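See below for the structure under consideration.
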Amino acid sequence: MNEFRTNGSVLREHLQLDGLEILDVGSGAGRLVRYMTRHGATVVGLECGAAQLAKAYEAPREGSETYVEGFGQDIPLEESRFDVAIFFNSLHHIPPEHMATALKEAGRVTKSSGILYIAEPVAQGSSFELGASIDDETEVRALALQALTDASTSNSVWASTQEITYSTAYYYADYDDFRSESIRIDPAREAIFQASDDAFKAHFHALGVLEEKGYRFDQPMRVNILKKSK
């Protein structure tokens, strides 16, 4: 079994955040953007979802963080700007035909010494099982891993330096919290929830472990760190 870690502790162990300029591709509601800002980074969150951006803007500011609307495969920012580009639980949300382009775009906007940090959930664990009942991401997660493997070949802008595996946990206050977040990530899921809400709620309670922080769902993670090679 993988060691239990928080996502933040793994990130801080491998990236010295203070002073870095970071692009968070697929920043969602901005949780990671705010976390990295608190630890001294200058962060831009790139997000294509209107509901997620609205949630990010609603949150109290941590500092100089900013958000930009756009897609990972067509980043609307200047080249060679960032020290680090991060895809955190987001590469598999990019359409498979655009994953390679998104990784090239990350190379374009990072400096010559740039780092690519990609954290992807493995298709295992109670968190995955919960989500798979609504939207089975087994195939797209495998395609994201393949795109990442392809991106570290000798002809790529990226060279692989390290892979880390660990287990983490995600918490929800209740079923409605999970439901709302799922729909913010992909509004098309609302119709799926409406059609089978009772079954999804029962599944949530069958898999979740109620703790002080809320209902816990475990998720194995894989982090790949790559360095710009040209």
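The values are calculated or read from the model by the stated rules, or taken from the named source; none is laboratory data. Bear in mind the structure is a predicted one, so any value in this text is a computation, not a measurement. Cβ placement follows ideal geometry from the backbone for every residue including glycine, while neighbour counts extend to all protein chains displayed. Keep in mind that these areas ignore ligands, DNA and RNA; they rest on the heavy atoms of the full protein, side chains included. Shrake-Rupley method; radii C 1.70, N 1.55, O 1.52, S 1.80 Å.
What ranking do 199-211, 31-43 get when scored by the average of other Cβ atoms within 10 Å per residue, highest first?
Details: 199-211: 14.3, 31-43: 20.6.
The packing order, highest mean first, is 31-43, 199-211.
For the chain, give the share of DSSP beta bridges that are antiparallel, in percent and rounded to the nearest 5; count only bridges with both residues there.
Numbers: 25 of 45 bridges.
Restricted to the chain, the bridges split so that about 55 percent are antiparallel.
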Calculate how many DSSP beta bridges within region 1-114 are antiparallel, expressed in % of all such bridges and rounded to the nearest 5.
5
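Over 23 Å apart: what share of the alpha carbon pairs of region 118-211 falls there, rounded to a whole percent?
On the way: 1621 of 4371 pairs.
Taking all Cα-Cα pairs of region 118-211, the fraction more than 23 Å apart is 37 percent.
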Would you tally the net charge around residue 122, using a Cβ to Cβ cut-off of less than 13 Å, leaving residue 122 out, and scoring K and R as +1, D and E as -1?
-3
Over the chain, give the accessible area per residue in Å² for a 1.4 Å probe, as an integer.
49
Charged-residue dipole, Cβ positions (Lys, Arg, Asp, Glu), region 1-62 about Cα centre, Debye nearest 20:
180
Å³ per residue of the Cα convex hull, for the chain?
122
Could you please state how large a percent of the accessible area of region 163-230 is carbon and sulfur, counting protein chains only and using a 1.4 Å probe?
48
Net charge near residue 113, counting Lys/Arg +1 and Asp/Glu -1 over other residues with Cβ under 11 Å of its Cβ?
+2
Taking the dipole of the chain about the Cα centre (Lys, Arg +1; Asp, Glu -1; charges at Cβ), the one of 22, 71, 182 that reaches farthest to the positive side is 22
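How high is the relative contact order of region 82-144, given as a whole-number percent (alpha carbon pairs under 8 Å, six or more residues apart)? All intermediate terms of the calculation are to be shown ahead of the outcome.
On the way: 63 pairs, mean separation 29.1, N = 63.
Relative CO of region 82-144 lands at 46 percent.
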Averaged across orientations, what area in nm² does the convex hull of the alpha carbons in region 104-154 project?
4.5
What does the charge count near residue 181 come to, summing +1 for each Lys or Arg and -1 for each Asp or Glu among other residues with Cβ under 11 Å from its Cβ?
+2
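Can you run the Rg to Rh ratio on region 53-113? Use alpha carbon positions and the Kirkwood inverse-distance Rh. Working shown, then result.
On the way: Rg = 12.8 Å, Rh = 12.9 Å.
Radius of gyration relative to Kirkwood radius: 0.99.
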Proximal lysine pairs in the chain, meaning Cα under 19 Å and 8 or more positions apart or interchain, come to 7
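If you roll a 1.4 Å probe over region 65-152 with all protein chains in place, what percent of the accessible area is carbon or sulfur? Show your work: numbers first, answer last.
Values: 1860 of 3700 Å².
That share works out to 50 percent.
How much mean residue ellipticity at 222 nm does the chain get from its helices, if each DSSP H run of length 4 or more adds -39500 (n - 2.57) and you divide by all residues, to the nearest 500 deg cm²/dmol? Present the calculation step by step, with values, prior to reporting the outcome.
Values: 8 runs with 88 residues, N = 230.
That comes out to -11500 deg cm²/dmol.
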